[in-house]
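Working notes, structure below.
The values are calculated or read from the model by the stated rules, or taken from the named source; none is laboratory data. Everything numeric in this text was worked out from a predicted model, so none of it was measured. Cβ atoms come from the backbone with ideal geometry, glycine included; neighbour counts cover every protein chain shown. Just the protein is used for accessible areas: all its heavy atoms, side chains included, with ligands, DNA and RNA removed. Shrake-Rupley method; radii C 1.70, N 1.55, O 1.52, S 1.80 Å.
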Amino acid sequence: MDVLSDLLRLLRLRANVFFHASVCGAWSVDSSGEHKATFHLIARGACWLHLPGRDPQPLRSGDLLVFPRDAVHVISSSPVQVNLSPHSGLVSTGGEGPATSLVCGYFEFETPLVNPILAALPDVVHIRSEDSARIGWLDQLIRYIAAESESGEAGADVVVDRLADVLFIQVVRSYMREHAGAAGVLSALSDRKIARALQRLHDAPGSAWTVDKLADTAAMSRAAFAKRFQELMGMAPMTYVTHWRMQCAFEQLRVSEQSVAAIAEQCGYQSEAAFRKAFKQHMGYGPGAVRRRGGG
């Protein structure tokens, strides 16, 4: 399994569409304030995006907006400045005018673990209908979601939700292609040598990893590897080793009936006591707390 798949599996992505309809006349939509990653697909028509401190931006059919960290925003029928108070929902005063079809939803992650994927994305990801990032599956998927949301077919809501799961992955892939030089785990995965080291670590978190061994897998000198890893990931290599081991341990504690000692060994710890101490320092609570609350 590749590194991005590993992360998505442990973070437990699940998308949910909360609004898909056509609106006309004067209207606005504000979904911010829910502390969730939000997306808006302009399935048909045109509208405007309002962000604090920026001029209104035009949106057109096929545009996709993602707000990874719930940035304050409003989408409306007019370029006239609107109130940017969070979470006013859909406000429509009706009237005549061209219809605009919207598909709006949340990208939710069931795990309480730190989310390096969302952290690596900007506050707003705007993929325009004419962008070069709109290639292959992403463009087809956006069209499919728009068509399914307007179909009225039985089970359409569930179909759109599951397609939105795939949409998030395609957005991440597009961002990786377009922003290979930015910091964060997504840029690290675009760096061939660092990605190779990350893959080996993810495949065998319990190995006796050192910076020297990770550098060897990347075919780099120790100093060059440590510097490049820090630049891309924003943390030292061994800090990430611990981070990944704790994520793996958390998932095993949540879903398996293995003993804490067995999980500790799989994650590279020679003693259960050392593992328990490291886990509590990293997570803020002990392994037993994960088991008692089922990982939630």
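The phi torsions of region 244-249, fed into the Karplus equation with coefficients 6.51, -1.76 and 1.60 and a -60° offset, translate into couplings of 5, 4, 5, 5, 5, 5 Hz, rounded to whole numbers, with Gly and Pro shown as x. By a 1.4 Å probe calculation restricted to protein chains, Val29 has an accessible surface near 10 Å², given to the nearest 10. The amide H of Val74, built 1.01 Å from its N in the peptide plane, has His50 as neighbours under 5 Å, considering only residues 5 or more places off or on other chains. Comparing Met233, Leu59, Ile142 along the charge dipole axis of the chain, the residue lying farthest to the positive side is Met233, per the Cβ-charge model. The slack between Arg162 and Asp131, meaning 0.36 nm per residue of separation minus the straight C-alpha distance, is 8.7 nm.
Heavy-atom accessible area for Glu272, with the other protein chains in place and a 1.4 Å probe, reaches approximately 70 Å². Averaged over its residues, the chain has an accessible area of 46 Å² per residue, based on protein heavy atoms and a 1.4 Å probe.
Just add up the charged neighbours of Arg69: K/R +1, D/E -1, any other residue whose Cβ is under 10 Å from the Cβ of Arg69. The answer is -1. When peptides 154-165, 96-107 are ranked by their average number of other Cβ atoms within 10 Å per residue, the highest-first order is 96-107, 154-165. Once backbone amide H atoms are built at 1.01 Å from N, Ala43 has Gly62, Ser101, Leu102, Val103 as its partners under 5 Å, excluding neighbours fewer than 5 places away on the same chain. Across region 13-27, rounded Karplus estimates of 3J(HN,Hα) from the backbone phi angles (6.51 cos²θ - 1.76 cosθ + 1.60, θ = phi - 60°) give 5, 8, 8, 9, 8, 9, 7, 8, 6, 9, 10, 9, x, 9, 7 Hz, Gly and Pro being marked x. Note on the chain: GNM, Cα springs under 10 Å; of Ala146, Ala218, Ala262, the largest mean-square fluctuation is that of Ala262. The modelled label-to-label distance for the pair Ser61/Gln81, using points 7 Å beyond Cα in the direction of Cβ, is 3.2 nm.
Close amide H contacts of Gly97 (hydrogens built in the peptide plane, cut-off under 5 Å, sequence separation of 5 or more or a different chain): Gly25.
Between Ala273, Ala15, Ala43, find the one with the highest GNM mean-square fluctuation for the chain; connect C-alpha pairs within less than 10 Å. Top of the fluctuation ranking is Ala273.
Taking the accessible area of the chain, probe 1.4 Å, and keeping the other protein chains in place, the carbon and sulfur fraction comes to 52%. Taking all protein chains as they are arranged and a probe of 1.4 Å, the heavy atoms of Asp63 leave approximately 10 Å² accessible to solvent.
Compactness of region 168-223, taken as the C-alpha radius of gyration over 2.2 N^0.38 Å, stands at 1.25.
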